[in-house]
Amino acid sequence: MSALPNVSSPPPQPPGWTVPASLTEDGFLGGRLKILQPEKGYRAGIDAVFLAAAIPCGSGEALFEAGIGTGVAALCVAVRVPSVHVTGIEIAPRYALLAEENAKRNNLGRNIRVIQGDVKEALRRDLAQMPAHGSFAHAYANPPYFEQDKATASPSLLKATAHTFGPDDLDLWVKVLHTMVTLRGTVTFVHRAETLGKLLAAMENRFGDIKVAPLYAREGAAASRIIVQGVKGSKSPMQLLPGLVLHGANAQFTPEAESILRDGLAWRLR
């Protein structure tokens, strides 16, 4: 795993500044990032951190995120590789505004561009605010986790929108990332382990050199999450990797998980 470069801490808030009502301020990467999130509704957690750690980006590269939310994954990438630039699209205006605010308050405003809009709009060529197709070295996403007819609807509209998808939505998200990334660029997803079959089916004939890295809550448990990464235009075979165990016998994070969650190291999928 690669070491985290030296980065500046978030700027101190003005005297008397408090977290706005209905929001919380959450620390990520051992407190290097201070993130405003809705107190109720969809809230980013460790899935976003593992997703960011798995993106094999280098200095100066451009990245695309479908569903940027409050910006946690994008900002984790920008902390690890300070010269990258991330363009993210977000359907919910409140989350889009929070992503922009979180980038500014963590001294990463120059690294992040947020577009408020539906993910599917990225497929259109006639919208001036959308970036050019095939213009990103890497693209990534944390798509909605639950199918509309199998999940209990959340009382929060924002949370329900972030967590549920229709029968064809997963294929749509794969198509969007395939469209935005350049030839030989990578796409990376984090999703529920039971969705692996559908995700691989959507990636078929679009990506090769696919790597599947399971995330296990503890040793001996079934995987709860998966990281899936592919290369556009590659014909290399798929690899099922050992993955990562999150918790040890004492219920604390394992050293490997801690090095990503707290120290901000890269997770090389190999």
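Quick notes on this one:
- Tyr95 meets all of the listed conditions (1) among the aromatic types (Phe, Trp, Tyr); (2) surrounded by fewer than 22 Cβ atoms within 10 Å (Cβ to Cβ); (3) part of a helix (DSSP H, G or I) but one, namely (2).
- Contact map, segment 113-133: residues that are under 19 Å from Ala99 (Cα atoms) paired with residues that are assigned to a loop (DSSP other than H, G, I, E, B) and open to solvent by 70 Å² or more (accessible area, probe 1.4 Å), Cβ distance under 6 Å, separation 6+ or inter-chain. Pairs shown: Ile115/Gln129; Asp118/Ile91.
- First in segment 239-255 and under 9 Å from Pro214 (Cα atoms), second anywhere and among the basic types (Lys, Arg), Cβ under 7 Å, 6 or more apart: Leu241/Lys211; Val245/Arg218
- Filtered residue count, segment 139-171, keeping only those that are within 18 Å of Gly69 (Cα to Cα) and either at pLDDT 60 or above or surrounded by 15 or more Cβ atoms within 10 Å (Cβ to Cβ) (or both): 19
- For Ala52, the conditions (1) open to solvent by 10 Å² or more (accessible area, probe 1.4 Å); (2) of a type outside the set (Ser, Thr, Tyr); (3) not in a strand (DSSP E or B) are fulfilled apart from (1).
- Only one of Ile91, Ile112 that is β-branched (Val, Ile, Thr) and touching a helix residue (DSSP H, G or I) at 6+ places or on another chain (Cβ under 6 Å): Ile112
- Segment 39-49, subset of a type outside the set (Gly, Ala, Ser) and at pLDDT 95 or above, residue least open to solvent (accessible area, probe 1.4 Å): Val49
- Verdict on Arg218 being open to solvent by 30 Å² or more (accessible area, probe 1.4 Å), in contact with a His (Cβ under 8 Å, 6 or more places away or on another chain) and either of a type in the set (A, V, I, L, M, F, W, C) or within 16 Å of Pro143 (Cβ to Cβ) (or both): no
- Leu199 falls short on exactly one of the conditions (1) farther than 18 Å from Ala52 by Cα; (2) in contact (Cβ under 8 Å) with a residue 40 or more places away in the chain; (3) not in a loop (DSSP other than H, G, I, E, B), and that condition is (2).
- Members of segment 98-114 that are in contact with a Ser or Thr (Cβ under 6 Å, 6 or more places away or on another chain) and surrounded by fewer than 24 Cβ atoms within 10 Å (Cβ to Cβ): Leu98, Asn107, Arg113
- Of all positions in segment 63-82, none carries a residue that is open to solvent by 40 Å² or more (accessible area, probe 1.4 Å) and either part of a helix (DSSP H, G or I) or at pLDDT 95 or above (or both).
The values are calculated or read from the model by the stated rules, or taken from the named source; none is laboratory data. Since the structure is predicted, the reported quantities are computational estimates derived from the model, not experimental observations. Here the Cβ is made from the backbone with ideal geometry for all residues, glycine too, and neighbour counts use every protein chain on show. The accessibility values were calculated without ligands, DNA or RNA, using every heavy atom of the protein model including side chains. Shrake-Rupley method; radii C 1.70, N 1.55, O 1.52, S 1.80 Å.
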